[in-house]
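Novice: There's a structure below that I have some questions on.
Every number here is computed from the coordinates shown, using simple stated rules; none is lab data. Here the structure is a predicted model, which is why all the values come from computation and not from measurement. Here Cβ is always computed from backbone atoms with ideal geometry, including for glycine, and neighbour counts include all displayed protein chains.
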Amino acid sequence: MVALTPELIIAPGPQAALAFVSAAAQHADAIMVFGDPLFNFQAPRVVALAAEHHLPAMYLFRQFAKGGLVVYGPDLSDLVRHAAGYVDEILKGTKPSDLPVKQPTKFEPVINFLAAMHESAVGTKPTPDAVAACLLLRDQRT
């Protein structure tokens with residue numbers, strides 16, 4: 001079992017650079033970027049900051065996959081389909097308060113193999129087991 005000590009760094013979108021500077025100053029081993037709308041809008045900048053500070057990062061949405069290391073979050077297409085179902089029910093006369101709250105059921109795991117292979121981006125190269133897991137995941141998605 002790996003012992004982790006999480007540190008919460010709150011930085012609204014405009015202060016993204018400060019969050020990465022703070023994480024690097026605290027010698028963080030990795031970071032997880034949650035779904036702040038401004039961070040999502042600035043995905044390329046956020047990915048670049050993680051690479052600049054040599055912080056392996058896990059992101060919530062797929063737009064971070066280009067350049068980012070790992071993405072694991074809800075499938076947005078599936079969420080849109082569920083939202084369309086809500087709209088359909090409301091247009092048919094169902095009161096919104098009568099509709100059940102649905103949690104995401106479909107998640108997208110994405111490992112950016114090219115980013116993982118660049119030691120300068122993450123501070124270490126993946127182990128052979130991690131490489132095998134990436135290849136297995138790729139084979140399962142095709």
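Novice: Could you list MET32, MET58 so that the one with the fewest beta carbons within 10 Å of its beta carbon is first and the one with the most is last?
Specialist: Values: MET32 12, MET58 18.
The fewest-first ordering by Cβ neighbours comes to MET32, MET58.
Novice: Taking a temperature of 20 °C and a viscosity of 1.002 mPa s, what whole-number D in µm²/s does Stokes-Einstein yield for the stretch 11-74 with Rh from Kirkwood over alpha carbon pairs? Please report the intermediate quantities before stating the final value.
Specialist: Values: Rh = 11.4 Å.
Rounded to a whole number, D works out at 188 µm²/s.
Novice: To continue, here is another question. Is the shape of the stretch 6-112 best called rounded, prolate or oblate, per the rule: a/c under 1.5 gives rounded, else a/b larger than b/c gives prolate, else oblate, with a ≥ b ≥ c the square roots of the Cα gyration tensor eigenvalues?
Specialist: Working: a/c = 2.91, a/b = 2.33, b/c = 1.25.
Note, shape of the stretch 6-112 comes out prolate.
Novice: Quick one: PHE39, PHE64, fewest Cβ neighbours within 10 Å first, how do they rank?
Specialist: PHE39, PHE64
Novice: Using a Förster radius of 30 Å, what is the FRET efficiency between GLU7 and ASP98 based on their Cβ-Cβ separation? Nearest 0.05, please.
Specialist: The computed FRET efficiency comes out at 0.10.
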